[in-house]
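Chemist: Questions regarding the structure given below will be posed in turn.
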Amino acid sequence: MYIIPAIDILNKKVVRLREGDYQQVTEYDVTLEEMIERYQSHGTNFIHIIDLNGAKNDFSNQQYLFDVIKKTDMQVQYGGGIRSIEKVKELLDAGVQRVIVGTQAITNPDFLKDLSKALVGKDKYGDRVVIAIDVLDEVIKYSGWMESSPIKLMDYVDKCLALGFFRFLCTDIGKDGKLGGAGIDLYEKLLDHSPFIKLIASGGVSSMHDIEQLSNLKVESCVVGKAIYEGHITIDEIKNWNLESLMSI
């Protein structure tokens with residue numbers, strides 16, 4: 001299992017939200033560029049960047065983020081405000097390693113079907129689309145976690161799999177930003193339902209013990225944010241874990 005450090009951006013500032021609540025924001029005195037440099041200088045080559053403005057249809061951050069991403073040779077997993085197939089292709093062509101799609105896939109019934117026709121099975125794109133599933137008490141949330149979907153969680157996973165999408169970023173909103181431990185029960189249910197999905201866990205990771213629990217579940221990777229900023233997990237610990245994971249493959 002691989003650890004992917006997370007950088008959430010709101011109004012061009014590095015932040016973390018608590019339970020996805022835009023009214024519970026912690027700002028950090030560091031820029032996106034500085035965070036990328038910090039990770040890179042410590043031997044980390046994969047980062048997770050989320051545009052929190054874009055997630056709620058405010059695209060004022062977008063050009064700034066694209067400009068920063070284009071300048072780095074880090075592998076970037078990017079999400080927030082991606083509303084069209086053209087934007088997915090643009091990001092992939094620009095060098096973003098993985099593009100996360102969330103709200104549009106839930107609110108537009110044809111989006112995933114059209115995206116599948118455009119991308120799935122193409123060597124250039126095959127493994128680089130991530131389906132975001134943001135979950136609170138097994139209810140799927142979207143639009144910056146402000147809206148609820150009537151689609152049942154496992155039905156949605158089955159729909160995505162049928163269209164050829166197999167990598168999922170699952171955020172347990174109830175755990176997110178609390179440093180209270182990862183949503184082990186939720187991830188167990190997902191993997192019991194579909195053992196062969198590539199699952200990226202997100203939300204609540206607070207220690208290397210949480211990392212070990214997720215690894216035991218056979219989660220593909222996990223996203224860690226606040227635990228790094230608050231000093232619960234060091235960048236060196238992430239580097240060492242990832243090196244060991246690569247050597248064990």
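The values are calculated or read from the model by the stated rules, or taken from the named source; none is laboratory data. Predicted, not measured: the structure shown is a model, and the values here were computed from it. Every residue, glycine as well, gets a Cβ built from its backbone with ideal geometry; the counts of neighbours run over all protein chains shown. For accessibility, only protein heavy atoms count, side chains too; no ligands or nucleic acids. Shrake-Rupley method; radii C 1.70, N 1.55, O 1.52, S 1.80 Å.
Chemist: Provide the packing ranking of 32-38, 166-172, i.e. peptides ordered by the mean count of other C-beta atoms within 10 Å per residue, highest first.
Modeler: Details: 32-38: 16.3, 166-172: 22.6.
Order by mean packing, descending: 166-172, 32-38.
Chemist: Measure out, as a whole number of angstrom, how far apart the alpha-carbon centroids of region 192-249 and region 37-59 sit.
Modeler: 17
Chemist: For region 2-248, report the accessible area per residue in Å² (1.4 Å probe, heavy atoms, rounded to an integer).
Modeler: Accessible area per residue: 44 Å².
Chemist: Moving on. Rounded to a whole number, what % of the accessible area of region 54-205 do carbon and sulfur atoms account for, probe 1.4 Å?
Modeler: Values: 3180 of 6570 Å².
Carbon plus sulfur share of accessible area: 48 percent.
Chemist: At R0 = 41 Å, how high is the FRET efficiency between Asp73 and Lys152 if r is their beta carbon distance? Nearest 0.05 is fine. Write out the running numbers ahead of the final one.
Modeler: Working: r = 41 Å, r/R0 = 0.99.
E between Asp73 and Lys152, to the nearest 0.05, is 0.50.
Chemist: Among Ser245, Gln213, Val223, whose Cα sits farthest toward the positive end of the charge dipole of region 201-249 (+1 at Cβ of Lys/Arg, -1 at Cβ of Asp/Glu, about the Cα centre)?
Modeler: So the residue we want is Val223.
Chemist: Take the Cβ-Cβ distance between Asp29 and Lys117 as r, set R0 to 35 Å, and report the resulting FRET efficiency rounded to the nearest 0.05. Numbers along the way, then the final one.
Modeler: Values: r = 45 Å, r/R0 = 1.29.
Computed FRET efficiency for Asp29 and Lys117: 0.20.
Chemist: State the antiparallel share, in %, of DSSP beta bridges confined to the chain, rounding to the nearest 5.
Modeler: Numbers: 13 of 44 bridges.
So the antiparallel bridges in the chain amount to around 30 percent.
Chemist: Could you list which residues have their amide H under 5 Å from that of Ser143, counting only those 5 or more apart in sequence or on another chain, with H placed in the peptide plane?
Modeler: Amide H to amide H, under 5 Å and 5 or more residues apart or across chains, Ser143 pairs with Thr103.
Chemist: Based on the mean of other Cβ atoms within 10 Å per residue, sort peptides 97-103, 153-159 so the most packed one is first. Display every interim value, and only then the final one.
Modeler: Working: 97-103: 23.1, 153-159: 16.0.
Taking the mean over residues of other Cβ atoms within 10 Å, the ranking is 97-103, 153-159.
Chemist: What is the packing order of peptides 224-232, 57-65, taking the mean over residues of other C-beta atoms within 10 Å and listing the highest first? Mind showing how you got there, number by number?
Modeler: Details: 224-232: 19.2, 57-65: 14.8.
The most tightly packed comes first, giving 224-232, 57-65.
Chemist: Can you tell me the length gained on complete extension of the stretch His209 to Glu86, counting 0.36 nm per residue apart and subtracting the Cα distance? Mind dumping the intermediate values first?
Modeler: Working: separation 123, 0.36 × 123 = 44.28 nm, distance 4.04 nm.
Full-extension gain reported as 40.2 nm.
Chemist: Calculated from DSSP H runs of 4 or more alone, at -39500 (n - 2.57) each and per residue, what is the 222 nm mean residue ellipticity of the chain, nearest 500?
Modeler: Values: 11 runs with 94 residues, N = 249.
Computed ellipticity for the chain at 222 nm equals -10500 deg cm²/dmol.
Chemist: Further question on the same structure: Efficiency by 1/(1 + (r/R0)^6): what FRET value for Glu244 and Arg38, r their Cβ-Cβ distance, R0 = 22 Å, to the nearest 0.05?
Modeler: On the way: r = 21 Å, r/R0 = 0.96.
Once the sixth-power term is evaluated, E becomes 0.55.
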